[in-house]
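Peer 1: I'd like to ask you about the structure that follows.
The values are calculated or read from the model by the stated rules, or taken from the named source; none is laboratory data. None of these values were measured; they are calculated from a predicted model. Here the Cβ positions follow ideal geometry from the backbone for every residue, glycine too, while neighbour counts run over all protein chains shown.
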Amino acid sequence: MESLVRPQQMRLLVTVFFSLLAASAFAQSEVRVDDDHMQIGDNAKAKLHYSVSAGPALLLDMSGYKFSLWPKEEPEPDFISVMISDKHQYYVPLSPGKTRYLISTETARPREGMLPFPGLVKGKQVMIAIGKRRYDSAKREDVLRVHWLGMVEVK
């Protein structure tokens, strides 16, 4: 009896299968910054949270979003702050013109005394703030003037 699939076709099918499997293993969840999910100002009433899958990273997309919480003379945001718990707080500096940021072990810098970024852990809530960092001489630390704040539920 003749085989329905030739060895060459089988190798191709196996290669495609494992390529798709590998791609899905490295896929990250994505959050698109918008007014509907804003957790400060008048927009906080909506209280919409993002819901993402657990995984090693989060892609934050700010494409097309206009930061309008503060007056026009306020400098543009330069910083992303990621807070998961008392021991899991991170920052990612913003670059002019860049609108998409991967938040991962490689990019999320722990604040002083914090643990390394654990990725997106199922059951955790992640707070993401985008703003302008400045030094507060009274507190003797960097603080963030928040321009946008969102909550992410990890499923």
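Peer 1: Within segment 64-85, take every residue that is loosely packed, with under 15 Cβ neighbours inside 10 Å and among the small types (Gly, Ala, Ser) and give me the one that is nearest to Asp35 (Cα to Cα).
Peer 2: Of everything passing the filter in segment 64-85, Ser68 is nearest to Asp35 (Cα to Cα).
Peer 1: Considering only residues that are under 23 Å from Leu69 (Cβ atoms), surrounded by fewer than 17 Cβ atoms within 10 Å (Cβ to Cβ), over 13 Å from the mean Cα position of the chain (by Cα) and not charged (D, E, K, R), which ones fall in segment 86-137?
Peer 2: Ser95, Pro96, Gly97, Tyr135
Peer 1: So Val92 fits all but one of (1) modelled with pLDDT under 95; (2) of a type in the set (A, V, I, L, M); (3) part of a strand (DSSP E or B); what number is the exception?
Peer 2: Just one mismatch for Val92, condition (1).
Peer 1: Could you tell me whether segment 47-62 includes any residue that is modelled with pLDDT of 95 or more, over 19 Å from Gly123 (Cβ atoms) and surrounded by fewer than 16 Cβ atoms within 10 Å (Cβ to Cβ)?
Peer 2: Filtering segment 47-62 down to residues modelled with pLDDT of 95 or more leaves 50-62.
Next cut, over 19 Å from Gly123 (Cβ atoms) only: 59-62.
Among the residues that remain, those that are also surrounded by fewer than 16 Cβ atoms within 10 Å (Cβ to Cβ) are: 61.
So far as segment 47-62 goes, yes, one or more of its residues are modelled with pLDDT of 95 or more, over 19 Å from Gly123 (Cβ atoms) and surrounded by fewer than 16 Cβ atoms within 10 Å (Cβ to Cβ).
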